[in-house]
Amino acid sequence: MIQTRRLYLREMDEADLPTLRRILQDRQTMRAWQHAFSEEEVRAWLSKQRSRYEEFGYGLWAVCEKAGGSMVGQCGLSWQKAGEDRVLEVGYLLQRDHWHKGYALEAARACKEYAFGVLDQTEVFSLIWDENIASMNVAIRNGMLVRGRFLLHYWGADLPHLIFSARREDVAAGVE
């Protein structure tokens, strides 16, 4: 579906459940979600992505290494609430043993380009918990700026989030 220098992104399916479990059931990886997922939540996550593919033609995709084809994470586009607004988010979540290889940035850039070039969006967002420094750094290196804040009530807590975005006009002008 989408290819980068080292990766390809494709729709997830049932065969990806073992990798999704490694990601979504890892407490450290899921720190921003405040909990590791149960088996039921992992299956619901996959089902939600499959529904997004059918409804929109995109969602969070499997991020796979071209060398060997193994799934190392997920990255893609999904409609999310940012306070009162509905925004198209570039989201990314990788297996912990694949952190610090530049995969999140490589995949996130490709998703941003897809949003601008294929979906004809004028702005894309990343909504990031204000304690998730690593994800903030990916957003910044993906040409995004902080545009606002909101509180997300999730898993029994109010979590402050930063609203990062990149605008197509800035990319075209070379401002990012």
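Could you run through region 67-87 and say how many residues are farther than 18 Å from residue 23 by Cα, part of a loop (DSSP other than H, G, I, E, B) and in contact with a strand residue (DSSP E or B) (Cβ under 8 Å, 6 or more places away or on another chain)?
Qualifying residue count for the region: 1.
Do the conditions hold for residue 90, that is, is it β-branched (Val, Ile, Thr), surrounded by 14 or more Cβ atoms within 10 Å (Cβ to Cβ) and assigned to a strand (DSSP E or B)?
Spelling it out, residue 90 is indeed β-branched (Val, Ile, Thr), surrounded by 14 or more Cβ atoms within 10 Å (Cβ to Cβ) and assigned to a strand (DSSP E or B).
Mind counting the residues in region 130-170 that are at pLDDT below 85, hydrophobic (A, V, I, L, M, F, W, C) and open to solvent by 50 Å² or more (accessible area, probe 1.4 Å)?
1
For region 116-123, indicate whether the set of residues that are within 26 Å of residue 171 (Cα to Cα), without any contact (Cβ under 8 Å) to a residue 24 or more places away in the chain, open to solvent by 50 Å² or more (accessible area, probe 1.4 Å) and in a strand (DSSP E or B) is non-empty.
Within region 116-123, not a single residue is within 26 Å of residue 171 (Cα to Cα), without any contact (Cβ under 8 Å) to a residue 24 or more places away in the chain, open to solvent by 50 Å² or more (accessible area, probe 1.4 Å) and in a strand (DSSP E or B).
Here's a check for you: in region 71-86, which residue that is of a type outside the set (S, T, N, Q) and open to solvent by 10 Å² or more (accessible area, probe 1.4 Å) is farthest from the chain's Cα centre (by Cα)?
By that ranking, first place goes to 84.
Among the numbered conditions (1) assigned to a strand (DSSP E or B); (2) within 17 Å of the chain's Cα centre (by Cα), tell me where residue 153 comes up short.
(2)
Only one of 35, 100 is open to solvent by 30 Å² or more (accessible area, probe 1.4 Å), modelled with pLDDT under 95 and under 29 Å from residue 147 (Cα atoms); which?
Step by step, each of 35, 100 is checked, and only 100 is open to solvent by 30 Å² or more (accessible area, probe 1.4 Å), modelled with pLDDT under 95 and under 29 Å from residue 147 (Cα atoms).
The values are calculated or read from the model by the stated rules, or taken from the named source; none is laboratory data. Just so you know, these numbers come straight off a predicted model, no measurement behind them. Virtual Cβ from ideal backbone geometry, glycine too; neighbours counted across all protein chains shown. These accessible areas exclude ligands, DNA and RNA; they are computed on the full protein's heavy atoms, side chains included. Shrake-Rupley method; radii C 1.70, N 1.55, O 1.52, S 1.80 Å.
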